[in-house]
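Shown next, in structure tokens, is the structure this report addresses.
The values are calculated or read from the model by the stated rules, or taken from the named source; none is laboratory data. Nothing here was measured: the structure is a model prediction, and the numbers come from that model. Neighbour counts run over all protein chains shown; Cβ positions are idealised from the backbone, glycine included. SASA here: full protein model, heavy atoms, side chains in, ligands and nucleic acids out. Shrake-Rupley method; radii C 1.70, N 1.55, O 1.52, S 1.80 Å.
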Amino acid sequence: MEQALAEAERAAAAGEVPVGAVVVDGKTGEVLASAANRTSAVSDPSAHAELLAIRAACAKRGSSRLPGCDLYVTLEPCPMCAQGISFARIRRLYFGASDPKGGGVEHGPQIFQHSTCHHRPEVYGGLNETRAGKLLKEFFADKRKTLGR
């Protein structure tokens, strides 16, 4: 989770919403990929940290699936990312801060709870929740100041 938090800090420094993600091989502990949000940098609304890390890990493995791999992310994944996590067959999802407004795991549509969900990872929330939440709160407070709100 420390590496995911470092990615989130990197995102914030670049003006992106501070979310970071890391894909780890569950057997060896090897970090396969890490990423920060890049939606603004690449003008792509799907460039969320989770999806970028999953894409890179899949490319490294030469596979569209990541069974036995774990994903660490600083914020509860949105519904789009939750679907990507399911399709990639991620073994375990660890996340930091909950997202009551935009989350798709414990909040909102709760993607993994649907009977049509292809794969349900084990989910562990609240890892370094305070630090992850603080990054987000400070980022959005600074944005509001910049915008004069």
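Hey, could you check segment 67-89 for residues that are without any contact (Cβ under 8 Å) to a residue 40 or more places away in the chain and outside any helix (DSSP H, G or I) and say which is farthest from E122 (Cα to Cα)?
We begin by selecting, within segment 67-89, every residue without any contact (Cβ under 8 Å) to a residue 40 or more places away in the chain; these are 67, 77-89.
Adding the requirement that they be outside any helix (DSSP H, G or I) leaves 67, 77-78, 89.
On the way: P67: 12, P77: 14, C78: 16, R89: 11 Å.
Across segment 67-89, the extreme among qualifying residues is C78.
In segment 21-37, is there at least one residue being modelled with pLDDT of 95 or more, open to solvent by 10 Å² or more (accessible area, probe 1.4 Å), part of a loop (DSSP other than H, G, I, E, B) and farther than 17 Å from L71 by Cβ? No: zero hits.
Selection of segment 90-109 for residues being in contact with a Pro (Cβ under 7 Å, 6 or more places away or on another chain) and without any contact (Cβ under 8 Å) to a residue 12 or more places away in the chain yields an empty set. With respect to (1) among the aliphatic types (A, V, I, L, M); (2) under 20 Å from Y124 (Cβ atoms); (3) crowded, with 21+ Cβ neighbours inside 10 Å, the lone exception for M1 is condition (3).
Answer with yes or no whether E50 is crowded, with 20+ Cβ neighbours inside 10 Å, among the acidic types (D, E), within 22 Å of P100 (Cα to Cα) and touching an Asp or Glu at 6+ places or on another chain (Cβ under 6 Å).
Criteria not met by E50.
Within segment 79-131, being in contact with a strand residue (DSSP E or B) (Cβ under 7 Å, 6 or more places away or on another chain), within 19 Å of C58 (Cα to Cα) and open to solvent by 50 Å² or more (accessible area, probe 1.4 Å) holds for R91, R92. Contact annotation: residue pairs with Cβ atoms under 7 Å, 6 or more positions apart or on different chains, pairing a residue in segment 26-41 that is closer than 15 Å to Y72 by Cβ with a partner that is in a strand (DSSP E or B) and open to solvent by 30 Å² or more (accessible area, probe 1.4 Å), are G26/R92. Yes or no: segment 108-117 includes at least one residue that is assigned to a helix (DSSP H, G or I) and more than 23 Å from P18 (Cβ to Cβ). Yes; the residues of segment 108-117 include at least one that is assigned to a helix (DSSP H, G or I) and more than 23 Å from P18 (Cβ to Cβ).
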